[in-house]
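First, the structure itself, so that you have it in front of you.
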Amino acid sequence: MTASTSGPVPTKGGGSTPLPDDGMTASTTGDVQTTKRRRTNSRQNVAGWLFVGPFGIVFLALLVLPIGYALYMSLFQKSLIFGTRFVFLGNYLKAFSDPSFLGGVWFVLRFSVVLIPVQMAVSLAIALILDTVTSKFARFSRLMIFLPYAIPTVIGALMWGFLYSRNFGPIADVFGAFGASGPDFLSSNLIFYGLLNVVTWQWAGYYMIILYAALQGIDPTLYEAARIDGASTWQIIVRIKIRLLTPALVLILVFALIGTLQFFNEPKILQQLAAGAIPDDFTPNMYAYQQAFTLANNNYSSTISFALGAVVFVCVYIFMFVTRKRGNFLS
Amino acid sequence: MSATDLEGRRVRRTPRYLPLHIVLALLVLYFLIPFWWVVVNSSKDSAGLFGGGNALWFSSDINYIENLKQLFTYNGGLYARWLANSALYAFAGGIGATVLAVLAGYGFAKYTFVGRRAAFSILLGAVMVPATALVIPTFILFSQAGLTDTIWSVILPTLLNPFGVFLVNLYARDAVPDELLDAARVDGAGEFRTFVKVALPMLRPVIVTVLLLSVVSSWNNYFLPLAMLVDNRLFPVTVGIGLWQSTASTYGAAGTNLWSIIILGSLVSIIPLIIAFLSLQRYWRGGLTVGALK
């Protein structure tokens, strides 16, 4: 399915809303006889739910139930003296004054604020280059830049961990040749940048492909018209290309935000290699993991998971609501 | 400008894009360096790794065969088992998720049923629930049910793929004409038969895309199996390599012969993905770029 060429996937202008109006479907099933329509409707009802049902069961069992259970667990506290007792929002009050949790939230927010603009700038620049250059080498580059997306984040983080390593990475060699000691991206001073590089490497290609596909979907006659009006290449990029890319850029921002706030795999993998630079409460998810597995504190772990999930969900929903006029992938 | 217009343009065009080609070449270099490092260093034994030779070039002796032998015999051949587990989790979870997503996506696209609007809104909300935020709640729930540390604890959660439903719905709405379904109904075919005979062949491209995305995301999964599994014979390859890596890091020099195995193990584990990725790229792009095209 090459979405840019085949019709089925909605394109600009010809798009439709995710749910066609009920009236539209009814008119195709025929509104000649009301009895027939009623029979059709009940048939539609049953068949529709039979198709959606199996997914619905999985959805209830593996999404609604765990979330509900985490919410329930988060309202209790377990201690040696009192046993398990209901504390209502006590765990949340504890979490939002717990330096470990707040420190983790502060880190992922700081990380997002630096990472997302960098990632978007890099992927946008590459997409614009690939939209301009159409050589064989450009097609090859597109594939190679996208390749890290297919690699498990665990292996991606591990490969960069090797490259950063003082024992067998090339950084020490390269700097050693000039008689200098190279930067140690696994030290607590530079781990922020070390992780920034790993995540950018892993995801920039994916975002680039989204932006590239959107660029390919723009009608080229727009550029010709702009050029006749005397627009420079730079003006075409800023005024036409980037403006029409806004929905895709919003999509990327949301994906990146969701991904970064729940940061876990990369710091968890680099934790051992970067001795001491990544504590157990480095990110909220790592802290929840530590609470559940090292300390067997399921109540507090649930609280952190639920608080994190709710924060992400609310942030993203508000963001989508604010940007809905500009057009986003759910509108 | 003695050449003709056409030739003149050709002469001008090559140097115009030269800087951009240089930029692209540097980018490709950056994105490929980790792969190159792994390919080169999985050929070394521990002496070659730690001997202080060039980290980005082969050492004098190439040890691929010896390292492969060690990789597949270390810990009683655990690595092969991890690969098999990864394949099992990826295909069982991926196929299951795809079947559910195709049925539900088609149901949402082609039937008007009571509660559809509400159900679809909930689905769209679920697309935005962070997947890893569900891991620990699911773990706690499964531990109550005694399901942790079984293959089901990894397979069942991967069946949930709201984005797949969204994708199939989007595709089915336009790709499967209502008239064709009505014609089949008039001919007396039941709803399920209509779906199998008429709709399914038309949905083939989106089915492949959803399957590919689900299989790869469960192959790459780390947090979920890490949380669920204790028995290392049930580990997928991502968790297994993570375990070896932390063992090797913790024991420092004593674990050094393990490093060659870890590096080669990383390389071997990504080869199937790279092959799938390169041979099926048109399906990838279809699924990844949907939504960006509105």
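The values are calculated or read from the model by the stated rules, or taken from the named source; none is laboratory data. Worth saying up front: this structure is predicted, and the values here are computed from it rather than measured. Methodologically, a virtual Cβ is constructed for each residue, glycine included, from the backbone with ideal geometry; neighbour enumeration extends over all protein chains shown. Just so you know, the surface numbers come from the protein's heavy atoms only, side chains and all, with ligands and any DNA or RNA stripped out. Shrake-Rupley method; radii C 1.70, N 1.55, O 1.52, S 1.80 Å.
All but one of (1) open to solvent by less than 30 Å² (accessible area, probe 1.4 Å); (2) over 30 Å from residue A:258 (Cα atoms); (3) under 26 Å from the mean Cα position of the chain (by Cα) hold for residue B:49, so report the exception by its number.
(3)
Need the failing condition index for residue B:143 against (1) touching a Phe, Trp or Tyr at 6+ places or on another chain (Cβ under 9 Å); (2) under 22 Å from residue A:61 (Cα atoms), just the number.
(1)
If residue B:198 passes every condition in (1) within 25 Å of residue B:126 (Cβ to Cβ); (2) buried (at least 17 other Cβ atoms within 10 Å of the Cβ) but one, which one does it miss?
Status for residue B:198: all satisfied but (1).
For region A:93-106, what are the residues that are surrounded by 17 or more Cβ atoms within 10 Å (Cβ to Cβ) and part of a helix (DSSP H, G or I)?
A:95, A:100, A:101, A:104, A:105
Now for a different question. Do any helices (runs of 4 or more DSSP H) entirely within region A:233-331 hold 1 or more residues that are away from chain B (no Cβ under 11 Å) and closer than 30 Å to residue A:93 by Cα, and if so, which?
A:246-261, A:265-273, A:298-322
Among the residues of region B:209-252, what is the count of those that are open to solvent by 40 Å² or more (accessible area, probe 1.4 Å) and of a type in the set (Val, Ile, Thr)?
Of the residues in region B:209-252, 3 are open to solvent by 40 Å² or more (accessible area, probe 1.4 Å) and of a type in the set (Val, Ile, Thr).
Looking for something at pLDDT 80 or above, open to solvent by 80 Å² or more (accessible area, probe 1.4 Å) and not assigned by TED's automatic domain parsing to the domain that holds residue B:156 - is there at least one such residue anywhere in region B:3-22?
yes
Let me ask you something else. Is it the case, given these coordinates, that residue B:39 is more than 8 Å from chain A (Cβ to nearest Cβ), at pLDDT 85 or above and not in a loop (DSSP other than H, G, I, E, B)?
When the stated conditions are applied, residue B:39 passes them.
For region A:286-317, give me the residue count where each residue is farther than 17 Å from residue B:129 by Cβ and open to solvent by 60 Å² or more (accessible area, probe 1.4 Å).
Adding up the residues that qualify gives 4.
Show me the helices (runs of 4 or more DSSP H) found entirely inside region B:155-214 where at least 2 residues are in contact (Cβ under 8 Å) with a residue 24 or more places away in the chain and farther than 15 Å from residue B:98 by Cα.
Where helices (runs of 4 or more DSSP H) fall fully within region B:155-214 and carry at least 2 residues being in contact (Cβ under 8 Å) with a residue 24 or more places away in the chain and farther than 15 Å from residue B:98 by Cα, they are B:162-175, B:178-186.
Filter region B:58-97 for residues that are more than 30 Å from residue B:47 (Cβ to Cβ) and in contact with a helix residue (DSSP H, G or I) (Cβ under 6 Å, 6 or more places away or on another chain); which is surrounded by the fewest Cβ atoms within 10 Å (Cβ to Cβ)?
Once the filter is applied, the top-ranked residue is B:92.
Of these, B:183, B:133, which one is at pLDDT 85 or above and either farther than 21 Å from residue B:212 by Cα or among the aromatic types (Phe, Trp, Tyr) (or both)?
Result of the check over B:183, B:133: B:183.
Only one residue in B:123, B:100, B:88 is more than 7 Å from chain A (Cβ to nearest Cβ), in a helix (DSSP H, G or I) and either more than 22 Å from residue B:208 (Cα to Cα) or within 19 Å of the chain's Cα centre (by Cα) (or both). Which one?
B:88
Here's a check for you: in region A:107-150, which residue that is over 16 Å from the mean Cα position of the chain (by Cα) and among the β-branched types (Val, Ile, Thr) is surrounded by the most Cβ atoms within 10 Å (Cβ to Cβ)?
Result: A:145.
Looking at the structure I just gave you, is residue B:134 within 22 Å of residue B:206 (Cα to Cα), facing another protein chain (nearest Cβ under 7 Å) and either touching a residue at least 12 places away in the same chain (Cβ under 8 Å) or surrounded by fewer than 21 Cβ atoms within 10 Å (Cβ to Cβ) (or both)?
When the stated conditions are applied, residue B:134 does not pass them.
State yes or no: is residue A:151 under 27 Å from residue A:274 (Cα atoms), facing another protein chain (nearest Cβ under 8 Å), touching a Leu at 6+ places or on another chain (Cβ under 9 Å) and not charged (D, E, K, R)?
Yes; evaluated as a whole, the condition is true for this residue.
Sort through A:212, A:223 and tell me the only one that's farther than 30 Å from residue A:282 by Cα, in the same structural domain as residue A:308 (by TED's automatic domain parsing), surrounded by fewer than 17 Cβ atoms within 10 Å (Cβ to Cβ) and in contact with a helix residue (DSSP H, G or I) (Cβ under 7 Å, 6 or more places away or on another chain).
Just a single option satisfies the conditions, and that option is A:223.
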